[in-house]
Structure formats: C-alpha cells, structure tokens
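Take a look at the structure set out below.
The values are calculated or read from the model by the stated rules, or taken from the named source; none is laboratory data. As the structure is a prediction and not an experimental result, all values here were calculated from the model. When we count neighbours, we look across all protein chains shown, and the Cβ atoms used for this are built from the backbone with ideal geometry, even at glycine. Keep in mind that these areas ignore ligands, DNA and RNA; they rest on the heavy atoms of the full protein, side chains included. Shrake-Rupley method; radii C 1.70, N 1.55, O 1.52, S 1.80 Å.
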Amino acid sequence: MAVFFASTFFHVSLQQKSLYILCSILAAYNIAAFLLLRYSRNHHRRTNVYFPGINKIINFQMSLDLIFLSLFLHFSGGAENPFIIYFIFHMIIASILLSVLESYLQATLATGLLILLALLEYQGIIPHYPLTGFIQHDAHNEAFYVFGKIGVLASTLYLVVFMTSSIAVQSRRHEEGYRLANIKLKEQDRLKNEYVSRVTHDIKGHLAAIQSCLDVVVNKMVGPLNEEQDNFISRAHRRTKKLSTFVKTLLRLTQMRLSHEMDMKDFPLKETIEAALNSVQRNAEQKSIKITSQISPDVTTITGNQFSIEELIANLLLNAIKYTPKGNTVKVHASDGDGIVRIEIIDTGIGIPADEIGNIFDEFFRASNARETVKDGTGLGLSIAKQIVERHGGKISVHSELNKGTTFLLTLPKTQKAIT
Amino acid sequence: MENTKILIIDDDIDLTSALQTVLQSNQYSVSVANTREEGMEKLKADKPDLIILDVMMVKQQDGFEVARELKKNDEFKDIPILMLTAVEDKTGIDFKSEAGDSEWLPVDSFLDKPVEPQVLLDEVKKLLN
C-alpha cells in the first residue's frame, strides 16, 4: 500500500517490481507462520503443553522479518528511508515474546544487517536506489551521516530491548506469581472441601448411628419397653432427630458458604419443580394440604445447579406446608419472563408479622408466630434458600399478610449470561 | 423374604447392627461386613440380592470404588446397590465429579444417613422388585 501510494500519488522513485515480489514472499511466509502458531496454540489448549518448536518458530520469523525489512530498505533508499525506524517495532515485539538474550541477539542481527546494507551500498558493491522525489540529494556515500544514523538507531534498538525486556520480565514474574497463587488457592479449596466433607461425615455419622439404634428400640424391634423406658427412649429419639436436622442444615449452610463453585448445567425446570412437589407430597398429605401447581408451558430449560434448585423449591414448599393450617392449599406458579423465570410459592398460612419480615432471611431467625405455631425449626431454611438464589444470580422476595398467608417470589436468570 | 439376602458394607458397627435388626425384623437374611475387604469376601460367599454400601469408609471414595468394581464384574453387575452417605450427594460434595466422571453414578439408589426404618424398607423393597 505504502509503495503504491508513494509511487502513484507522490511520484517517489521506487523499485516497484522488486518491492512487490518481496511483499508477496513476506505475505506467504507470514501466512505459513500464522498457521503454525495457530496449530501450536491449539496444541497447547489440547495438551496444556506448549508446542516444542514454538520458540524456534518465533525466532526464525523475527529474523526473517529483519532480513526482509533490510531488503525493503535496500530497494527504497537504504539508510535514507524514514521507515528505517520500523526496526524498533520488531525489537519491542521480540522483547515481549522472546527471552532477554534472544532479544539482544535480534537487536544485534538488526544492527549487523543495517551496517552491512550501508557498507555494501557505500562501497558500491550493491546498487543504491535513491528516493528521488522524496529526498533532494543522495546521501548514501556520506559515511559520517549514514553510519552516524545507523549508530544512533542501533543504540536505540538496544535501549528499546533493555527497557521492554525489563517490563516483560517483570510482567512474566507477576504472571507466574498469579499462576502459582492460583494453584495454591485451588489446593487450599480442595483441602477445605475435603475437611468439610470429613467433618460433615463424622458428625452426621455419629448422629446417624445414635438415631438408627434408637429407631430400633422405639419401633420395638428388639422387644417391648415398659412405659417409663418408652417415655425416655422416645424423648431421646425425638431430640436426636431434632439435633440431626439442625446439624444437617447447619452443615449445609457452612458447605455453601465455604464452597466457591457450583456445578452449573442446563436442566429442565418444569421436571425439577415437579420432583420437588413429589418430595413434599407425603408431608402435605399428613396435614391434608392440597398442593396445586401451575407451570407455564414456556418454562423449559434453565442453567443452574439442578439439585440446589430442587432443594430450594422443596424447602420453600415444606415451609409453606409447615405454617399452613390443615386442609388448606399451597400453590406453586412458574412463568417465563424476559430472560428470567418467576416461581411463586403461595400459602394461606399464619403469615409473617410486618415488623419481622425484614429479618426472615437472617440465620437462626424465626418469626415470633412461627415459634409459637411450630416449636421445631432451625431458622436456617430461608438463609439457605437465599444463598442458593443468589448463587444463581437471582432474587428472592416475600409478601405476607398476617393470618392470611405468605408468597415467596423467586426470579432466576435462564442462563448464566443473564447474570452478568 | 427369608430367602432374600442383603449384604451391608459399612465401617460403622453401631449403624450396621441397627440396620441389620431393622431388616431382619422384616424377614430379610442379612450379613454384615465392616471393611471393604470383608465385604468382597462375603459378596463372593453369600451372593446377595442387594448390597447396602457406605460411601466413605477408610477413604472418601471407598464406596464408589467398590461399586465401580462390582459394576465391571459380570458376576455381580446386576446386584442392585443402595448407597448410604453421611455427606449428601445432592447438595454437598459432588462425588461424581471427584471420581472423574460427572455422568456415571455406579449405584442404583442413594439414601442420606440417618435413614428412617420405613424409608429404608421401602427403598429396599423397591430395589428388589
């Protein structure tokens, strides 16, 4: 382009044929180098190992570029061509991509090529093609000017390599530091997860054994008990069950707090809501509560953690069943919005006092009327629900009227893109 | 049901005793192994109709390793496995990913400990049918 513009519009005398041939060769080997680099990048992605010849390819291409730039200069005015400063760009790229030693070697090659070009033209061994139309008088045989200019340029190249390499080395050190820190963090995360799962296993394991042994006695599988024995064993059994539920919920919350990652996948929301409905059916039947659901047909697939979403809906349903009087109805509505889905869990239960509604998602908080109505409860269920919703980039809100009922509204983004 | 044999493999002696009593009171023939090795021996000797297996015994993945071994073995691959866990698969650690396979779960059913006797019996009945 530069050759075309300079010769056509500014009438600068140029060795057009030679320059166009050089351009074609340059384009051809750049395409080859590009393909090689792309192959090496894919190789790295596939195997996580750098392609073994990558450094040699970059060195080779860089050296070839310098040789071509010298040839371009030769056919367009030699040391007089202002494009001579383009050597600087190559030095910057070399310093970023190559090692410090290799970068200095490239600077030395560039200097050597420049000196050789100037010397050969000066001695008349190769012809000099002046930039007539651009420069008024030919200076290629003015030794002081030509070699002085090359000397200044060479020192600039070395300085550029020195400064860029220093920055590149520091940047590489930081990058390595971040990489190592990332590996360390992942390892810590793995150890923490292992620790939590071990603690969870041990605590729940002991409780499970106690409860299972008591189950056998309470259910008279090992013979009858007298009234007093039955009374005390039943109390112990009841308290163990309560403790199990509490520990289970508390550990679940801890696990969620400590775990940074959640396995997100596409899953069918309609089926997940139905699974949650099935899981609480028994609890509803025990209180003769009818659960109705209205799931819009356009509620299809969303991205998220299916188990957590099922757990979330089941927990809100269990809550609704717990605080709704016998024989009443609990409703689930799900509809599709603009990039989100709305899920409502509506009960006709005791409601939440207006002055306590702001605290219901707090850990261990239970509304005063909830404590009076149902003695058992951890006060952690809604905190877990909030955590799950927020992990999905969604929102949970509540609308309640005392003695009339409560509605929990969940809005969940359909895809993880919608979160950001 | 007397001819229906169930093998429980779990390192918790108290829990296995309780589960054994619950199942025996429902006329199942139950044998218990408290280690992985003992479990493999009893499996070969007893040829059970159902295996109840703990996820974590000595190592985190013990239960899964046993399950994988069994599913690869032509002699045992059709025996249903009910896995018991004190760390919920659903909501806690994702055992499947840890085992390097996020899709394949080598068991037929999961129950979270503690298991109510009736829930256990219902699940056992379901798997045996």
In the range A:222-231, residue nearest to the other protein chains (Cβ to nearest Cβ) [restricted to those that are loosely packed, with under 14 Cβ neighbours inside 10 Å and in a helix (DSSP H, G or I)]: A:Q229
Qualifying residues in the range B:10-41 (those that are charged (D, E, K, R), closer than 21 Å to B:K77 by Cα and crowded, with 19+ Cβ neighbours inside 10 Å) - the one nearest to the other protein chains (Cβ to nearest Cβ): B:D10
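In this structure, is A:L97 at pLDDT below 90, closer than 25 Å to A:V161 by Cα and of a type in the set (A, V, I, L, M, F, W, C)?
For A:L97, the condition - at pLDDT below 90, closer than 25 Å to A:V161 by Cα and of a type in the set (A, V, I, L, M, F, W, C) - is met.
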Any hit, the range A:351-361, residues being of a type in the set (V, I, T), touching a Ser or Thr at 6+ places or on another chain (Cβ under 7 Å) and outside any helix (DSSP H, G or I): yes
Which listed residue, of A:I88, A:I115, A:I58, is of a type in the set (A, V, I, L, M, F, W, C) and touching a Phe, Trp or Tyr at 6+ places or on another chain (Cβ under 8 Å): A:I115
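For A:L250, state whether it is surrounded by 14 or more Cβ atoms within 10 Å (Cβ to Cβ) and in a helix (DSSP H, G or I).
Yes, satisfied.
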Residue match in the range A:181-190 (condition: polar (S, T, N, Q), part of a helix (DSSP H, G or I), more than 30 Å from A:L97 (Cβ to Cβ) and out of contact with any Ser or Thr (no Cβ under 8 Å at 6 or more places or on another chain)): yes
Residue in the range A:175-183 that is over 30 Å from A:L117 (Cβ atoms), among the β-branched types (V, I, T), open to solvent by less than 60 Å² (accessible area, probe 1.4 Å) and more than 14 Å from every other protein chain (Cβ to nearest Cβ) present: no
Residue selected from the range A:187-221 under the condition more than 36 Å from the chain's Cα centre (by Cα) and more than 7 Å from every other protein chain (Cβ to nearest Cβ), by the criterion surrounded by the fewest Cβ atoms within 10 Å (Cβ to Cβ): A:K220
Breaking point among (1) of a type outside the set (D, E); (2) within 26 Å of A:K204 (Cα to Cα); (3) assigned to a helix (DSSP H, G or I), for A:L277: (2)
Hey, A:K265 basic (K, R), open to solvent by 50 Å² or more (accessible area, probe 1.4 Å) and within 14 Å of another protein chain (Cβ to nearest Cβ) or not: yes
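Return the only residue of A:A33, A:A79, A:A27 being at pLDDT 80 or above, surrounded by fewer than 18 Cβ atoms within 10 Å (Cβ to Cβ) and assigned to a helix (DSSP H, G or I).
Unique residue meeting the criteria: A:A27.
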Selection within the range A:284-300 - touching a Leu at 6+ places or on another chain (Cβ under 9 Å) and either more than 28 Å from A:I340 (Cβ to Cβ) or modelled with pLDDT of 90 or more (or both): A:A284, A:I291, A:S293, A:I295
Matching residues, the range A:297-323, being in a loop (DSSP other than H, G, I, E, B) and touching a helix residue (DSSP H, G or I) at 6+ places or on another chain (Cβ under 9 Å): A:P297, A:V299, A:T300, A:N305, A:Y323
Options A:K322, A:K386; residue that is at pLDDT 90 or above, surrounded by fewer than 22 Cβ atoms within 10 Å (Cβ to Cβ) and in contact with a strand residue (DSSP E or B) (Cβ under 6 Å, 6 or more places away or on another chain): A:K386
Any pair with Cβ under 9 angstrom, 6 or more apart, that starts in the range A:232-245 at a residue that is within 14 Å of chain B (Cβ to nearest Cβ) and ends at one that is in a helix (DSSP H, G or I) and open to solvent by 80 Å² or more (accessible area, probe 1.4 Å): A:A236/A:I210; A:T240/A:I210; A:L243/A:I210; A:S244/A:I210
